[in-house]
Each structure stands twice: as C-alpha cells, then as structure tokens.
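Everything on this sheet refers to the single structure shown next.
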Amino acid sequence: EAEGALSLLNVGQILKGRIVEITKDYVVIDVGLKSEGLVPISEYAEPEELILGGETEVYLDATEGDDGQIVLSKEKARKYRQWEHIVNHCKEGSIVKGKVMRKVKGGLMVDIGMEAFLPGSQIDNKRIKNLDDFVGKSYDFKILKINIERKNIVVSRRELLEEERVSKKAELLENIKEGASRKGIVKNVTDFGVFLDLDGIDGLLHITDMTWKRIKHPSELVHLGQELDVIILHVDRDKGRVALGL
C-alpha cells in the first residue's frame, strides 16, 4: 500500500507529516509512506515547531535518496508557501514591504516574504554612492515583474519615490499662491537667471526680476546653495513652472 502511495506522489508536493523523532542533527518525519524522511534540524528556525508528535509541513524533494529514504525539506515547504501567498495576493504593481538582505551582481536581494531582486537602476531616484548603505534596511517596494515559471520576482523602490515626488509636486503647485513669499535654495546659476528649489518644485528667478539696478550676471548677487526669500510672481500649473522675484 505504501509502495502504491509513493507512486502517486510527485516530487515538489507539500506533504503533512508528524515528527516522530528529534536527534541532534535531524528531525525524523512520518508522512505515511514506507520510510520516514529526515530533515536537517537547522531548517527548523522556530523552536515552537519542534515538538515530538507535532504536525509539520514538508516538501517532497526526492522519493528515493542515496540511502533509499525519501528526502524532505522544511525550508522548501516554507518557500513554496511564501511563493504561493505572493502569487495569490500580489500582482505586478502591488506594493509590498521588504528588507534588503544582501548585495548581488547588478543590484540587491530583498526579503518580501520570499527573495526578490531589486535591480541597481530601481533602488533610488538619486545617484547612489554605496549599495551597502541599503543592506539591512526596510522599505516599501513595488512589484515590477512576477515570473511564474522561474519563480522569481523583480521589485522597484525608485518607482514609488518618483510617484511620491510627482504627487508632492502637484500638491505644492496646487497650494502655491501668486504674491506669496517663499524660501528657496539656489540650484543653478545661468546667464539669464537663477533656478531655485522651493521644497520640491523648481522656480526661475529671471535676471530682470533680481534687482532694480542693472547687473551683468546673476552670480554678482547669488551663489549656489544660498537660501533666498523670494516672491511668487506667476504660477504655470500646466507646465509645472513658477516665476520668482527678489
């Protein structure tokens, strides 16, 4: 009967088993087949799962190992369940929480309940000096791609940062009033004027709106990184531009 039961099973199935013995290195599990299976004790990370006589879910890795025993894996069962959960509850575009685990070629690996790949180009919307700064930190990520065949997931953090920046900019533009005074930081000095960052929106302070006296170049009055008090002269909400005056 057990022989017949074994032929019905496929490698890759999740089986329910009972823990019948716990040794120093292995957990012996009875899954109702002709032989019991062994799982390395290291695969049981949670001590409360290690109970003699307790139920456990395992993954059938091979129906016949080197010593004729069936080969079971607790770790693979856990990963399988995580994968199943993500496929059932998430789709491309879903937002998930995750923790950056380590650097790999071309990006970072993130734990989102299972391992997902964060390509280098999707980490941030600014230039990154050092990838190590991200390891061990938790963020929200957007799922870009779920590959069912290869059981892998690609995520992005940059897309969320971009969406946040765009919506913040829209909100700022909505609330900015002509005639109001604002503080801005000088980002760029050109021949015709100065670009300022007004907390996320760019404003142009034209050379003719800088002073009543004539100047040849804006750099006579301002320098990069300087904070200025400016007046909002005009807001073009369609183009997302703001004209400023000193």
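The values are calculated or read from the model by the stated rules, or taken from the named source; none is laboratory data. Keep in mind it's a predicted model, so treat the numbers as computed, not measured. Every residue, glycine among them, receives a Cβ derived from its backbone with ideal geometry; neighbour counts consider all protein chains shown. Only protein heavy atoms, including side chains, enter the accessible area calculation; ligands, DNA and RNA are left aside. Shrake-Rupley method; radii C 1.70, N 1.55, O 1.52, S 1.80 Å.
Pull up the range 221-230, narrow it to residues that are in contact (Cβ under 8 Å) with a residue 40 or more places away in the chain and open to solvent by 20 Å² or more (accessible area, probe 1.4 Å), then point me to the one that is nearest to residue 206 (Cα to Cα). Talk me through it step by step, then tell me what you get.
Keep residues of the range 221-230 that are in contact (Cβ under 8 Å) with a residue 40 or more places away in the chain, which gives 225-230.
Checking which are open to solvent by 20 Å² or more (accessible area, probe 1.4 Å) leaves us with 225-227, 229.
On the way: 225: 17, 226: 16, 227: 16, 229: 14 Å.
The residue in question is 229.
Where residues in the range 123-154 are at pLDDT 95 or above and part of a loop (DSSP other than H, G, I, E, B), which of them is most open to solvent (accessible area, probe 1.4 Å)?
137
Suppose the filter is open to solvent by 70 Å² or more (accessible area, probe 1.4 Å) and either at pLDDT 90 or above or more than 23 Å from residue 126 (Cα to Cα) (or both); does residue 209 pass it? Break it down stepwise before answering.
Values: open to solvent by 70 Å² or more (accessible area, probe 1.4 Å): no; either at pLDDT 90 or above or more than 23 Å from residue 126 (Cα to Cα) (or both): yes.
Considered against the rule, which asks whether it is open to solvent by 70 Å² or more (accessible area, probe 1.4 Å) and either at pLDDT 90 or above or more than 23 Å from residue 126 (Cα to Cα) (or both), residue 209 comes out as no.
Return the only residue of 60, 6 being at negative phi and at pLDDT below 85.
Values: 60 fails: at pLDDT below 85.
Residue meeting the stated conditions: 6.
Scanning the range 168-193 for residues that are open to solvent by 70 Å² or more (accessible area, probe 1.4 Å) and among the polar types (S, T, N, Q), which turns out modelled with the highest pLDDT?
Filtering first and then ranking leaves 188.
I'm trying to understand the selection: among the residues of the range 127-176, which are under 18 Å from residue 88 (Cα atoms) and within 11 Å of the chain's Cα centre (by Cα)? Give the steps one after another, and end with the answer.
Residues of the range 127-176 under 18 Å from residue 88 (Cα atoms): 141-155.
Result: 141, 142, 143, 144, 153, 154, 155.
Which residue, of 204, 160, 196, 233, is part of a helix (DSSP H, G or I), aliphatic (A, V, I, L, M), surrounded by 11 or more Cβ atoms within 10 Å (Cβ to Cβ) and modelled with pLDDT of 90 or more?
On the way: 204 fails: part of a helix (DSSP H, G or I); 196 fails: part of a helix (DSSP H, G or I); 233 fails: part of a helix (DSSP H, G or I).
Among 204, 160, 196, 233, only 160 is part of a helix (DSSP H, G or I), aliphatic (A, V, I, L, M), surrounded by 11 or more Cβ atoms within 10 Å (Cβ to Cβ) and modelled with pLDDT of 90 or more.
Can you tell me which residues in the range 23-75 are more than 17 Å from residue 11 (Cβ to Cβ) and either touching a residue at least 60 places away in the same chain (Cβ under 8 Å) or among the aliphatic types (A, V, I, L, M) (or both)?
Listed by number, the residues that qualify are 27, 28, 41, 45, 50, 51, 52.
Quick check, is residue 194 free of Cβ contacts under 8 Å to residues at least 60 places away in the same chain, out of contact with any strand residue (DSSP E or B) (no Cβ under 9 Å at 6 or more places or on another chain) and of a type outside the set (Gly, Ala, Ser)?
Numbers: free of Cβ contacts under 8 Å to residues at least 60 places away in the same chain: yes; out of contact with any strand residue (DSSP E or B) (no Cβ under 9 Å at 6 or more places or on another chain): no; of a type outside the set (Gly, Ala, Ser): yes.
When the stated conditions are applied, residue 194 does not pass them.
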